[in-house]
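Presented below is the structure to which this report refers.
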Amino acid sequence: MAYTPVKLNFEQYLEYDDGTDNRYELFSGELIPMAPESEENGWTVQVK
């Protein structure tokens, strides 16, 4: 069976919560999982 993703609009994206700490970006109405934040990136953000 083929998987058909549900298309989200921007308001739905802002309200979306899957109950995890995963981060997503919205691209053409689809949720795209983002890579976890690296320790180095987290440190850089805190320093600035």
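The single residue among L8, L26 that is surrounded by 11 or more Cβ atoms within 10 Å (Cβ to Cβ), modelled with pLDDT of 95 or more and assigned to a loop (DSSP other than H, G, I, E, B) turns out to be L8. Among the residues of segment 37-47, not a single one is assigned to a loop (DSSP other than H, G, I, E, B), at pLDDT 95 or above and not hydrophobic (A, V, I, L, M, F, W, C). Taken over segment 25-41, the criterion of being of a type in the set (D, E) and closer than 18 Å to T4 by Cβ is satisfied by E30 alone.
The values are calculated or read from the model by the stated rules, or taken from the named source; none is laboratory data. It should be emphasised that the depicted structure is a prediction, and the values quoted were computed from it without experimental measurement. Backbone-built Cβ (ideal geometry, glycine too); neighbour counts: all protein chains shown.
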